[in-house]
Amino acid sequence: MGFRKDFVWGVATAAYQIEGAAYEDGKGLSDWDTFCKKPGNIWNNQSGDIACDHYHHFQDDIDAMKQIGVTGYRMSISWSRVIPNGTGAVNPKGLAFYDQLVDKLLAAGITPYVTVFHWDYPYELSCRGGWLNPDSSDWFAEYTKVVVDRLSDRVTNWMTINEPQVFINHGHQVGTHAPGLMLPFPDVLRAAHNTLLAHGKCVQAIRANSKTKCRVGLAPVGVACIPATDSPADIAAAKKAMFSIGSMNIWNSSSVNKDARANAVVAKDIWNNTWWMDPMFLGKYPEDGLNFYGSDVPAIREKDMSIIHQPLDFFGANIYRGETIRAGKDGQPEFVKDPVGHPLTAYHWGVAPAALYWGPKNFYERYKLPVYMTENGMSNVDWVAQDGKVHDPQRIDFLHRYLLQLRKASDEGVDIRGYFQWSLLDNFEWASGFRERFGIVYTDYPTQKRILKDSALWYKEVIKSNGANL
């Protein structure tokens, strides 16, 4: 009962959100560097130019992780820091930074879990069409090889891409994230298909070039559907909704709270599980998606699916919230609106702890691979109290409720291998700038001072007990 003895208790970050040093040591521009320069794109016209200055303060952040007792750190690599133009000449200073970071993590007893791409796309490649370019997957494979050649003698755990649903939807369809495009839907699907090819070629590059035995997965959005009751009909309806495309379009459901960053109403989008995960894990696009998207689906070449469908070692998912589903009169899924006064995080996302039970459970049943929760957490209204500490009881309660549901799934036989809390640090939250604080470590941006919040100290005790004290 409970979590495995070798359960990975981790924290997660992303390069652009924490590193800063946007123009130092030979780093090239990313599309986020340029996107932030347009007034109105980011809350208060902020940017990740400095962010948490992790580039210069990484030892402080490793010290914080060591104090908390985490055993795993999910980090990402900045493509344009390693290869400034996206292809071609490699930046030695960029690689040296990640070299040193990995060494220091291992010296602290913390295992790195490296995400190859977490949204910061090289600007020079964006100018060449980005994910629309048919060569984009080859660019990604070239970049992957450079990173793996340098780090794989010590890094054994890899994730190819983070949340393709977000960077394609927000960045290429509704234009609220970099690169800020509002493409016709056929081009959205073209960019998505090239992203899937990039994932496949990335897996191939990791396996072909790794100097040690490697483990490979990815970290998509896990769109979780929660049955309204424990009745067999509602459970079946929720599972159907979770793996459906079209009539059960999650992003456009009336129960989704669309925030100011992504409030465009579109007839079709890619905010679902199976359009992404079925090709990667099952080797085919889902039939209902092919029918729903119809003529918008790009041409699929003969070998495309064999490239996309690579052997993977684990299933990662980023889950923060969930949709409640019931069976309608005809047995078909229906969305259930949250009641008035339903609890919300500071980001206005609904609190839904059962998402960390039903999400892993249903993904494990469908894709039959060990599960890692690669992101989970909440934005809270945090500040330094008069006693010099940061008290965040709402986050502690949130994490407690969600982890209890994750443990329930583990108790029932779901093979859950690890949990990465989002995030280690308060950081640059994309289009929301520094408005949102997701960290369990407080960042004072003017001074770059770090303060462990109460939630970090609580998490420390959870880790120490391997979750037995929940």
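For Asp33, all conditions in the list (1) among the acidic types (Asp, Glu); (2) surrounded by fewer than 20 Cβ atoms within 10 Å (Cβ to Cβ); (3) in a helix (DSSP H, G or I) hold save one; what is the number of the exception?
Unmet for Asp33, out of (1) among the acidic types (Asp, Glu); (2) surrounded by fewer than 20 Cβ atoms within 10 Å (Cβ to Cβ); (3) in a helix (DSSP H, G or I): (2).
Pairs, please: C-beta under 6 Å, at least 6 apart or cross-chain, first residue small (Gly, Ala, Ser) and in segment 451-470, second part of a loop (DSSP other than H, G, I, E, B) and crowded, with 19+ Cβ neighbours inside 10 Å?
As it stands, the answer is Ser455/Asp392; Ser455/Ile440; Ala456/Ile440; Gly467/Phe3, since those pairs meet every condition given.
Any residue at all in segment 87-110 that's closer than 25 Å to Gly175 by Cβ, modelled with pLDDT of 95 or more and out of contact with any Cys (no Cβ under 7 Å at 6 or more places or on another chain)?
From segment 87-110, those closer than 25 Å to Gly175 by Cβ are none; that's our starting set.
Taking every residue of segment 87-110 in turn, none turns out to be closer than 25 Å to Gly175 by Cβ, modelled with pLDDT of 95 or more and out of contact with any Cys (no Cβ under 7 Å at 6 or more places or on another chain).
Residues checked against (1) at pLDDT 95 or above; (2) surrounded by fewer than 23 Cβ atoms within 10 Å (Cβ to Cβ); (3) of a type in the set (A, V, I, L, M); (4) under 30 Å from Lys239 (Cβ atoms):
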site: Gly175; (1), (2), (3), (4): yes, yes, no, no
site: Ala178; (1), (2), (3), (4): yes, no, yes, no
site: Leu183; (1), (2), (3), (4): yes, yes, yes, no
site: Thr195; (1), (2), (3), (4): yes, no, no, yes
site: Arg207; (1), (2), (3), (4): yes, yes, no, no
site: Cys214; (1), (2), (3), (4): yes, yes, no, no
site: Ala219; (1), (2), (3), (4): yes, no, yes, yes
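Within segment 46-75, take every residue that is among the charged types (D, E, K, R) and touching a strand residue (DSSP E or B) at 6+ places or on another chain (Cβ under 8 Å) and give me the one that is surrounded by the fewest Cβ atoms within 10 Å (Cβ to Cβ). Walk me through how you get there before you give the answer.
Applying the first criterion (among the charged types (D, E, K, R)) to segment 46-75 yields 49, 53, 60-61, 63, 66, 74.
Those left that are additionally touching a strand residue (DSSP E or B) at 6+ places or on another chain (Cβ under 8 Å): 60-61, 74.
Details: Asp60: 17, Asp61: 25, Arg74: 31.
Applying the filter and picking the extreme gives Asp60.
Find all pairs meeting these conditions: Cβ atoms under 6 angstrom apart; at least six residues apart or on different chains; first residue within segment 134-153 and modelled with pLDDT of 95 or more; second residue of a type outside the set (A, V, I, L, M, F, W, C) and in a helix (DSSP H, G or I).
If the second residue must be of a type outside the set (A, V, I, L, M, F, W, C) and in a helix (DSSP H, G or I), the pairs left are Ser136/Asn194; Ser137/Asn194; Ser137/Lys201; Ala141/Lys201; Lys145/Asn209; Val148/Asn209; Asp149/Asn209.
Filter segment 109-127 for residues that are in a loop (DSSP other than H, G, I, E, B) and either among the hydroxyl-bearing types (Ser, Thr, Tyr) or surrounded by fewer than 16 Cβ atoms within 10 Å (Cβ to Cβ) (or both) and give the result.
Restricting attention to segment 109-127, the residues satisfying the condition of being in a loop (DSSP other than H, G, I, E, B) are 109-110, 118-121, 127.
Selection gives Gly109, Tyr121, Cys127.
Scanning segment 427-456 for residues that are acidic (Asp, Glu), more than 16 Å from the chain's Cα centre (by Cα) and under 17 Å from Gly48 (Cα atoms), which turns out surrounded by the most Cβ atoms within 10 Å (Cβ to Cβ)?
Initial filter on segment 427-456 (acidic (Asp, Glu)): 429, 436, 444, 454.
From the residues that got through so far, the ones that are more than 16 Å from the chain's Cα centre (by Cα) too are 436, 444, 454.
Next, only the ones that are under 17 Å from Gly48 (Cα atoms) stay: 436, 444.
Details: Glu436: 21, Asp444: 13.
Result: Glu436.
The values are calculated or read from the model by the stated rules, or taken from the named source; none is laboratory data. Computed from a predicted structure; not experimentally measured. Positions of Cβ are generated from backbone atoms using ideal geometry, with glycine treated the same way; all protein chains shown enter the neighbour counts.
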